[in-house]
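Q: Below: one structure in C-alpha cells.
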Amino acid sequence: MTMLRTLPAALAAASALALAAPALADTLVDNVDGVTIGEDGKVLRFTGLVYDDDGKVVAVLQRGEERPRVDYRLDGEGRVMLPGMIDAHVHVMDVGFAALTLDLSDTTSLEDALAKIKAFADANPGRPWILGRGWNQEKWGLGRFPTAAELDAVVPDRPVWLERADNHANWANSLAIAAAGVTAKTPDPEGGKVIRDAQGNPAGVFVDNANALVAKVVPPPRPEDRDLAFAKAQEVFLSKGVTAVADMGTQLADWTTFRRAGDSGRLAIRIVSYARAFETLELVAGSAPTPWLYEDRLRMGGIKLYLDGALGSRGANLKQPYADDHATHGLPLLTPAQLRNLMSRAAMDNFQTAVHAIGDAANAEVLSAIEELSETYDGDRRWRIEHAQIVDPEDLPLLGRHGIIASMQPLHQTSDRLMAEARLGPDRLAGAYAWRSVLNAGGRLAFGSDAPVEPPDPWAGMAAAISRTDANGQPFGGWFPQETVSREQALAGYTADAAFAEFAEGRFGRLLPGERADFLLVDRDPLFSSPEQIRETKIFGVWIGGVKVRGE
C-alpha cells in the first residue's frame with residue numbers, strides 16, 4: 001500500500017510495545033472499582049484482582065474479602081478496572097498504513113480534499129505514488145463520484161491511488177489508470193464496476209472487484225514498511241484501550257508481519273486472523289485452525305468471505321433497487337452456489353466463516369446458506385455475519401438460529417445515517433443497524449469498528465450503541481431509538497461477547513480465574529455514565545497478560 005524508503009525512529013519508539021519481562025510471582029491489583037462480565041453473562045463487580053506469573057487471573061476479590069499474600073501489590077487508587085476492549089472487526093495493517101499515508105477522513109468537501117492531496121504530494125516529492133484513504137463523496141455533499149481529471153489538476157506528475165472510506169472503492173488519477181492499462185475497452189470484472197464517462201472511458205473511480213485493475217500495478221510495501229505499519233497500528237489500538245482484535249481479511253504478508261512481531265517480542269495485542277483467501281488459509285493453517293501462539297496472542301481460525309459491497313458506493317446487494325438510483329440493486333460478489341461451496345469448504349476443516357453482508361439481499365442469502373449448511377455441519381459453528389447492516393425484518397428471526405453471530409459496528413450507524421436514508425428511502429429502514437432486534441431474535445452481537453473505516457474507538461462505539469446518536473448528540477432522541485442496547489450489553493459486545501465470537505472465551509475477554517489478565521484502569525464506569533461521558537473516557541493504563549504495555 002505504501003513505499004516508505006526510510007525506517008524512522010518511530011519504529012524504535014514503537015518497540016516500546018515490546019513485552020517487558022513477565023512478573024515473577026503473584027500480583028495483586030487492589031483498591032479498584034472492578035467491572036467485568038461474569039460466567040452467567042451478568043455484570044460482576046469486584047475490588048481486587050490477583051494474577052500469576054503466567055499472566056492469568058487467579059482470583060477476583062470482593063470488598064472485605066481477605067487479601068492473599070503476594071509478592072507484588074499495585075494500588076489501583078480507586079480507579080475503574082475493566083477488561084481490555086476487544087474490537088471484533090478491524091483491518092490491522094490498513095490501520096497502520098492509514099496512519100502513515102494520506103488521510104482524507106476529515107475532509108468536508110471535494111475542494112478541501114484536493115487541497116490536502118496537493119499539500120501531501122508537495123510535501124513528499126520522493127514518493128513515486130501518492131497513496132491514501134478516507135474520502136467520502138457523500139460526506140462532501142458532492143452528489144457524484146470524484147474524477148481522475150480533478151486529481152490530475154493537483155497531482156499531474158505521479159500516479160495517485162486513494163481508497164474510499166468504506167474500503168470498497170478507489171479513486172485514481174490519469175497516470176495511475178494509464179499505468180494499469182485500463183481503457184474504454186477494459187470490461188468490468190465480475191463483482192466490480194469501473195465508473196465511466198459519456199464516452200466509456202474510465203472516469204477515475206473503481207468499485208469493489210474493479211479495484212484490482214489498478215491495484216496490481218501499485219508497488220507493494222517492503223517488509224520493513226510492514227513492520228513499521230504494524231507497530232503504528234498497535235499504538236493506535238492500545239491508545240483506545242483495545243487489547244485484542246479480529247483481523248478480517250488477513251493476507252499472507254500480514255500474517256508473516258504478525259509472526260515477525262511475535263518472534264521478536266513486539267507483538268503486544270491479541271489477533272485472531274480470518275484469512276482473505278483460501279490459499280492463505282491453507283498455507284498458514286493447513287487443514288485445521290492454528291494453535292494459539294505467543295501466549296494466546298495470535299491464531300488463524302477462519303476465512304473472511306465477501307458477499308457484496310458497501311452502501312456508500314452502491315455495492316451493497318439489495319432486494320429492491322436503490323431509492324436514489326433505480327438502475328442498480330448493488331453488486332453481488334458471489335453466486336449462491338459459490339457462497340455455499342466456500343462455506344462448506346471451510347466447515348469441513350472446522351474453520352469459522354465470517355461473511356461480509358451489508359444489503360438485505362446479501363443478508364438473506366447468507367442466512368439461507370447457513371440454514372442449509374447447518375443440516376450437514378452440526379456442532380458449535382458460530383457462523384458470523386460481518387456488518388449485517390440492512391436486514392429485511394422478515395429475515396431477522398433467522399438470526400436467532402444456528403448460533404449466528406452478528407458482528408456489527410455501532411459507529412457505522414452514526415456515520416451512515418443520512419446516506420442510508422437516501423439509499424433506501426424511508427420505508428426500508430426497519431431492519432437497518434438493528435442491534436436490539438438481533439438480540440430479541442435470539443442472535444448474538446459482537447461489536448467492532450471496521451477500522452480504519454471508523455476509528456477503533458470502543459468508547460465512541462459504546463456511546464452510539466446505547467444512544468443511537470453521534471458525537472454531536474444527533475439526532476435528538478436517537479435514530480430509531482428502539483434499536484439501542486443496554487450499557488451492559490454494549491460492554492459485553494466489546495469484551496466477553498466479542499471473545500466468544502472468535503472462540504476465545506476462557507482465554508481472554510473477562511476478568512475471571514483462568515483467563516488472561518488483560519485489563520484497563522480508567523477514570524469512569526461506562527455503566528453509570530452518559531454517552532457524552534463515555535466518549536471522553538480517560539485511560540490511565542493498559543495491561544496485557546499482566547504486563548503493563550501503555551500508561552502512566
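The values are calculated or read from the model by the stated rules, or taken from the named source; none is laboratory data. No experiment lies behind these values; they were computed from the predicted model shown. Cβ: placed from backbone, ideal geometry, glycine included. Neighbour counts: every protein chain shown.
Q: Of the conditions (1) closer than 30 Å to Phe351 by Cα; (2) in contact with a helix residue (DSSP H, G or I) (Cβ under 9 Å, 6 or more places away or on another chain), Arg516 fails just one. Which one is it?
A: Status for Arg516: all satisfied but (2).
Q: While we're here: Return a yes/no flag: does the range 196-214 have any residue that is over 29 Å from Asp157 (Cβ atoms), out of contact with any Pro (no Cβ under 8 Å at 6 or more places or on another chain) and not in a strand (DSSP E or B).
A: There is no residue in the range 196-214 that is over 29 Å from Asp157 (Cβ atoms), out of contact with any Pro (no Cβ under 8 Å at 6 or more places or on another chain) and not in a strand (DSSP E or B).
Q: Shifting gears a bit: Does Ala113 satisfy the criteria of being surrounded by 17 or more Cβ atoms within 10 Å (Cβ to Cβ) and at pLDDT below 95?
A: No: the conditions fail for Ala113.
Q: Only residues that are assigned to a helix (DSSP H, G or I) and of a type outside the set (D, E, K, R): list them for the range 271-317, please.
A: Result: Phe278, Thr280, Leu281, Leu283, Val284, Ala285.
Q: Given the condition in contact with a Pro (Cβ under 9 Å, 6 or more places away or on another chain) and among the β-branched types (Val, Ile, Thr), answer yes or no: does some residue in the range 447-458 qualify?
A: no
Q: Is there any pair linking a residue in the range 515-541 that is more than 17 Å from Gly473 (Cα to Cα) to one that is in a strand (DSSP E or B) and at pLDDT below 95, with Cβ under 9 Å and at least six apart or on different chains, and which?
A: Leu520/Gly551; Leu521/Gly551; Ile539/Gly551; Phe540/Gly551; Gly541/Gly551
Q: Which of (1) in contact (Cβ under 8 Å) with a residue 24 or more places away in the chain; (2) farther than 18 Å from Asp395 by Cα; (3) surrounded by fewer than 23 Cβ atoms within 10 Å (Cβ to Cβ) is the odd one out, the single condition Gln338 does not satisfy?
A: Among (1) in contact (Cβ under 8 Å) with a residue 24 or more places away in the chain; (2) farther than 18 Å from Asp395 by Cα; (3) surrounded by fewer than 23 Cβ atoms within 10 Å (Cβ to Cβ), the lone unmet condition for Gln338 is (1).
Q: Suppose the filter is within 24 Å of Leu61 (Cβ to Cβ) and hydroxyl-bearing (Ser, Thr, Tyr); does Thr495 pass it?
A: Yes, satisfied.
Q: If the requirement is being in contact with a Leu (Cβ under 6 Å, 6 or more places away or on another chain) and modelled with pLDDT of 95 or more, which of these qualifies: Ala499, Ala471, Ala464, Ala490? First the steps, then the outcome.
A: Values: Ala499 fails: in contact with a Leu (Cβ under 6 Å, 6 or more places away or on another chain); Ala471 fails: in contact with a Leu (Cβ under 6 Å, 6 or more places away or on another chain); Ala490 fails: in contact with a Leu (Cβ under 6 Å, 6 or more places away or on another chain).
So the residue among Ala499, Ala471, Ala464, Ala490 that is in contact with a Leu (Cβ under 6 Å, 6 or more places away or on another chain) and modelled with pLDDT of 95 or more is Ala464.
Q: Pull out all pairs, ordered by first then second residue, where Cβ-Cβ is under 7 Å, the residues are six or more apart or on different chains, the first lies in the range 272-284 and is in contact (Cβ under 8 Å) with a residue 60 or more places away in the chain and farther than 24 Å from Phe508 by Cβ, and the second is of a type outside the set (Ser, Thr, Tyr) and surrounded by fewer than 20 Cβ atoms within 10 Å (Cβ to Cβ).
A: From the range 272-284, the pairs are Phe278/Arg345.
Q: Can you find a residue in the range 204-225 that is among the polar types (S, T, N, Q), crowded, with 17+ Cβ neighbours inside 10 Å and touching a helix residue (DSSP H, G or I) at 6+ places or on another chain (Cβ under 9 Å)?
A: Within the range 204-225, not a single residue is among the polar types (S, T, N, Q), crowded, with 17+ Cβ neighbours inside 10 Å and touching a helix residue (DSSP H, G or I) at 6+ places or on another chain (Cβ under 9 Å).
Q: May I pose another question? Is it the case that Glu138 is in a helix (DSSP H, G or I) and over 25 Å from the mean Cα position of the chain (by Cα)?
A: no
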